[in-house]
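Every read-out reported here was derived from the displayed coordinates using simple, explicitly stated rules and does not represent laboratory data. The shown structure was predicted, so the numbers you read here are calculated from the model rather than taken from an experiment. Counting neighbours? That spans all protein chains shown, and the Cβs are built from the backbone with ideal geometry, glycine included.
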Amino acid sequence: MIRRAHIWHCFRRTRSLGVLWGVVAACYLTMASANIAETILPGDQWLYADPASVAIDPAPLQALDAEIRAGEYGNIDSMTIIRRGQIVFDRRYQWDYDAQHAGLVYPSPPPWDYFNPRAYPFHGETDLHSLQSVSKSVMSALIGIAIARGEIPGTDATLGDLLPHRQFSDPAVKAVTLENVLKMTAGIDWEEEISYFSQENDATAAESTNDWVGYLLEKSMAVEQGTLFDYNSASSQALSEILTTATGVPTNEYAEQLLFGPIGITDYFWNKAPEGFTNAGGGLFLSAHDLARFALLFLHEGRWGEEQVVPRDWVRRSATSWVPIDANDPDGWGYGYQWWVYRHKTEAGPKMYGGWGWGGQFPLIIPELDLVAVFTGWNIKEDADYAYAFDLFYDRVVASIALP
């Protein structure tokens, strides 16, 4: 779950798609690819470099680090900055979650009690951090791989085609395409813009059932598919069921074989939804460095060394702003295939896209600068109101780097 309802008042729903921005974004990704051809890829270990050696001013990094350590932005758990394949900044921050969350109870039942410090944000005593909705971006990559392998017919396939064992309350929901599920434009009647601490939020209500996708498929259509951006975590969970139905392989095992293994991710935790399928909406736990591997893969347009792990066209489509989030600001935020486009290319700076997970999980990719950043965090209290790491990073660090 992305669980950021307290900022949704900044956005407005839109009934128009960002086709023009899609073309522009694809062009910029093509132009940027020439700049990253020689980037170093990590093996078992990462290479480290001084910021100045890769043309990054260390002062903004040091200032931001000091502010995070002072608690100015709440619970940011890590900040990792990578340029030209080398780590130039890498910090972990410690917060007393036992004290912070003592006596607090989340409205969903265990194991979805996000205030339980034994389970969140880290998996047990490991450094595997909950990614929450960044799991959706990983899930999207797996769908792209499966389509390229001929295991899923394509994005024009419908929910009815892909989930033939399921019952649908509304025939129009059965006709929703995979394309519109990926873009969050399914049109299904769904409310996820209010507080996640309310059972009136459909994502929270679904977590209280033993079948999240079943809860989704009991819904009717609210608007015609493809016309309205409406964030829907249960539709992302349907992607996991779609993949396993098509391949016969659990989503996490499929990821091990075809995504994690090729890029060197050997340690992860990925929980399951009650219906038995891997939790694609928010169940993946990775270390910050392994999340950076995933971001670096997308920086390289899906290629890792000699292997095209994720199809290049899928990466470009994922990073394309098909859907402007605010109809009054079509050049602002957008949404691709389970990825957010935070900044379009403007005179003010380069494009940035990435994932977004509740609490502060941000893999951020700036192709034109051969730059990746990863933040993890756990600002989950309902009254949490801090500057977001993607804004801090862009305004303080990205803006200080000259375009090549």
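Computed values, structure above
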| item | result |
| --- | --- |
| Overall dimensions of the range 137-289 by Cα: Rg and Dmax, Å | 15.1, 44 |
| Sites matching trypsin sites (Lys or Arg not before Pro) across the range 290-322 that sit in DSSP coil, with at most 10 neighbouring C-beta atoms within 10 Å | none |
| Dipole of the range 5-400 [Lys/Arg +1, Asp/Glu -1 at C-beta], most positive-end residue of GLN62, VAL310, ALA288 | VAL310 |
| Candidate lysines for bridging to LYS219, where Cα separation is under 28 Å - those fewer than 8 sequence places away on the same chain excluded | LYS136, LYS174, LYS183, LYS272 |
| Span-like helix ranges in the chain, DSSP H, alpha carbon extent 20 angstrom or more, Kyte mean at least -0.5 | 19-33, 134-148, 233-247 |
| Dipole magnitude (debye, nearest 20) for the range 28-159, charges at Cβ of Lys, Arg, Asp, Glu | 280 |
| Among (1) 64, 48, 42; (2) 77, 51, 47; (3) 59, 50, 43, the entry that matches Cα extents along the principal axes in Å as calculated here | (3) |
| Dipole magnitude of the range 336-404 about its Cα centre (Cβ charges: Lys, Arg +1; Asp, Glu -1), debye to nearest 20 | 180 |
| Pairwise FRET efficiency - ILE194 versus ASP113, Cβ, R0 = 25 Å, nearest 0.05 | 0.80 |
